[in-house]
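Peer 1: Sharing a structure here in structure tokens format.
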Amino acid sequence: MTYDPIRGAENLIRGDLAGIEPYEPIVPLETLSERSGVPVEKLIKLDGNENPYGCSPRVRRALADYSFYHIYPDPLHSELQEPLEGYVGVGQKHIVVGSGSDELIDLVLRVFLEPGDKVINCVPTFGMYPFSTAVCGGKTVTVPRDDAYEVDVAAVKSAIDERTKVIFIASPNNPTGNATLPNVILELVDTGVVVVVDEAYYEFSGRTFAPLVPAYPNLIVLRSFSKWAGLGGLRAGYGILPFNIAELVRRIKMPYNVNIAAMIAVRESLADIDYLRDRVKAIIAERERLSAMLKEQGVLLPLPSEANFILCRVARGDAREIKQGLDKKGIFIRYFDTPLLRNMLRISVGKPEHTDALVEALAKLEGG
Ligand SMILES: Cc1ncc(COP(=O)(O)O)c(C=O)c1O
């Protein structure tokens, strides 16, 4: 390979990265505010599955009081290990913390993928799995879920070949909201391929596979502090992994992957668990109220959800027009128009006043 002064380093770039699709990023609050003409503090942001109550007040206080931001953080995040062990109920040698569960998705793939290895992705699901697979040099094998958005176990099993290393299952799944049953996960674990159960929304469903991790060499569970603990902007997540894989992930990760603010936030969140659990209960109650109100109104058809969002079909009207109409009122929801999510909308659960404003806005849009 020779250096070409015109093209610079372009001809040295990894060939497989040329056509990589970027991950669809969120739109910042300020941009949403500019687009809608609604001030930031009045925006109703129901498009990112964030926690409308924010983080625990203990997190804010501890961050304001901390004096050692100039010192590097502990690479082994030792002070979090014991509280996490208590929270998860699995020995700390199985637990690794990352900069959001996004980082754990990447780290797990780095451990297993060699160029051309395959990763099974049960669509529709979270977009980071194919993105990180491509960045790590792997190939995504897409296996559609069935009509009820359940994992098609037979299709997954027949998609496995000698290059298949990892299967991702989000449970509850984003954006469909349904959880995967234990017999499905165990049947997939039986194939010997690494099964990553992404439990970013675990706290809203109460169902977990974490206690099974120590018993299986190829089962990994990922969790997040972004949703239930309201730490999306601080980036904190963790993996529960077979201990030999956890050990390897600790060795290959960036030493300071979890910054000091995220570490303090995780520590304080776990110390304020009753407060956060009350907020989770409020979100679950609001999910059910939102679903009932939408059903009664009849514009949208909400699907059942075990997460902090609801996927909706559109009974009357067009999803794109509804989304655009709500945008103008400063209410932001997620719009989909892919073959498996045709004319659909995903609404994150907000506070009761957000639900009321949404339902009222939908009624006004219909009335013209
Ligand atoms: C299924 C799923 N996994 C992981 C994540 C990423 O979470 P984190 O903020 O911890 O990186 C999300 C975020 O939307 C998600 O929906």
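Peer 1: Name the residue farthest towards the positive end of the dipole of the chain from the options P182, S305, C136, assuming +1 on Cβ of Lys and Arg, -1 on Cβ of Asp and Glu, about the Cα centre.
Peer 2: Of P182, S305, C136, it is S305.
Peer 1: Kindly provide the helix-only [θ] at 222 nm of the chain, computed as the sum of -39,500 (n - 2.57) over DSSP H runs of four or more divided by all residues, to the nearest 500 deg cm²/dmol?
Peer 2: It lands at -11500 deg cm²/dmol.
Peer 1: Hey, if you put +1 on the Cβ of every Lys and Arg and -1 on every Asp and Glu Cβ in the chain, which of L234, S171, A292 ends up farthest toward the positive end of that dipole?
Peer 2: Going by the Cα projections, it comes out as A292.
Peer 1: Could you compute the net charge surrounding P115? Neighbours are other residues with a C-beta less than 13 Å from the C-beta of P115; K and R count +1, D and E count -1.
Peer 2: Charge balance in the 13 Å sphere: +3.
Peer 1: Let me ask another. Output wanted: per-residue J couplings in Hz (rounded whole) for the stretch 204-213, from phi through Karplus 6.51 cos²θ - 1.76 cosθ + 1.60, θ = phi - 60°, x for Gly and Pro.
Peer 2: For the stretch 204-213, the Karplus-derived couplings read 8, 10, x, 9, 9, 9, 3, x, 7, 4 Hz, x marking Gly and Pro.
Peer 1: Sticking with this structure for a sec: Using Cα positions and a limit of under 19 Å, work out the aspartates and glutamates in reach of K45, with same-chain residues fewer than 8 apart set aside.
Peer 2: E24, E30, E34, E286, E288, E321, D327, E353, D356, E360
Peer 1: Follow-up question, since we're still on this one. Could you state the accessible area per residue of the chain in Å², with a 1.4 Å probe and every protein chain left in place?
Peer 2: 47
Peer 1: Using Cα positions and a limit of under 16 Å, work out the lysines in reach of K118, with same-chain residues fewer than 8 apart set aside.
Peer 2: Within the straight-line limit of under 16 Å, K118 reaches these lysines: K139, K157, K165.
Peer 1: Sort 295-307, 219-231, 102-114 by the packing proxy (mean of other Cβ within 10 Å over each peptide's residues), most packed first.
Peer 2: Highest mean packing first, the order is 219-231, 102-114, 295-307.
Peer 1: Next question. Using only C-alpha atoms and all pairs of different ones, pull out the Kirkwood radius for the chain in Å with one decimal.
Peer 2: Its Kirkwood hydrodynamic radius stands at 21.8 Å.
Peer 1: Separate question: Mind jotting down the distance between the C-alpha centroids of the stretch 253-295 and the stretch 124-187, whole Å?
Peer 2: 25
Peer 1: Within the set of other residues whose C-beta is less than 11 Å from the C-beta of L340, count the net charge using Lys and Arg as +1 and Asp and Glu as -1.
Peer 2: Taking every Cβ under 11 Å from that of L340, the sum is -1.
Peer 1: Right, here's the next one. Restricting the count to DSSP beta bridges whose residues both fall in the chain, what percent are antiparallel, rounded to a multiple of 5?
Peer 2: Antiparallel: roughly 50 percent of the beta bridges in the chain.
Peer 1: Then there's this: Nearest 20 debye, what's the magnitude of the dipole of the chain about its Cα centre given +1 on Lys and Arg Cβ and -1 on Asp and Glu Cβ?
Peer 2: That gives the chain a dipole magnitude of about 340 debye.
Peer 1: Using the eigenvalues of the Cα gyration tensor, what equivalent ellipsoid semi-axes result for the stretch 217-261 when each is taken as the square root of five times the eigenvalue, whole Å, largest first?
Peer 2: Output for the stretch 217-261: semi-axes of 22, 15, 5 Å.
Peer 1: HN-Hα J couplings of the stretch 314-324 from phi, Karplus 6.51/-1.76/1.60, θ = phi - 60°, integer Hz, Gly and Pro as x?
Peer 2: Each residue of the stretch 314-324 in turn: 10, 7, 10, x, 10, 4, 5, 5, 5, 4, 5 Hz.
Peer 1: With the alpha-carbon atoms as the only input, what is the per residue convex hull volume for the stretch 98-176 in Å³?
Peer 2: 78
Peer 1: Could you check what % of the DSSP bridge pairs in the stretch 91-181 are antiparallel, to the nearest 5?
Peer 2: Of all bridge pairs located within the stretch 91-181, approximately 0 percent are antiparallel.
Peer 1: Between H70 and R320, with labels modelled 7 Å along Cα→Cβ, what's the label distance in nm to one decimal, could you check?
Peer 2: Taking the two extended label points, one gets 5.5 nm.
Peer 1: Using each residue's phi in the stretch 92-108, evaluate 6.51 cos²θ - 1.76 cosθ + 1.60 at θ = phi - 60° and report the 3J(HN,Hα) Karplus result to the nearest Hz, with x for Gly and Pro.
Peer 2: My calculation for the stretch 92-108 gives 5, 5, 8, 10, 10, 9, x, 7, x, 5, 3, 5, 5, 4, 5, 5, 4 Hz in order.
Peer 1: Mind grabbing the base-10 log of I(q)/I(0) for the stretch 57-272 at q = 0.17, 0.18 Å⁻¹? Debye formula, identical points on the C-alpha positions, no solvent, two decimal places.
Peer 2: The calculated log intensity ratios at q = 0.17, 0.18 Å⁻¹ are -1.17, -1.30.
Peer 1: Over the stretch 237-368, one equal point on each Cα, no solvent: what is log10 I(q)/I(0) by the Debye formula at q = 0.10, 0.19, 0.20, 0.21 Å⁻¹?
Peer 2: Rounded to two decimals, the profile gives -0.50, -1.01, -1.07, -1.13.
Peer 1: I need two numbers for the stretch 17-127: Rg to one decimal and Dmax as a whole number, Cα atoms only, in Å.
Peer 2: Just the Cα atoms of the stretch 17-127 yield Rg and Dmax of 19.2, 50 Å.
The values are calculated or read from the model by the stated rules, or taken from the named source; none is laboratory data. Model, not experiment: these values are computed from the prediction. Neighbour counts are summed over all protein chains in view; Cβ atoms, including those assigned to glycine, are modelled from backbone coordinates with ideal geometry. All accessible areas refer to the heavy atoms of the entire protein, side chains included, with ligands and DNA or RNA removed. Shrake-Rupley method; radii C 1.70, N 1.55, O 1.52, S 1.80 Å.
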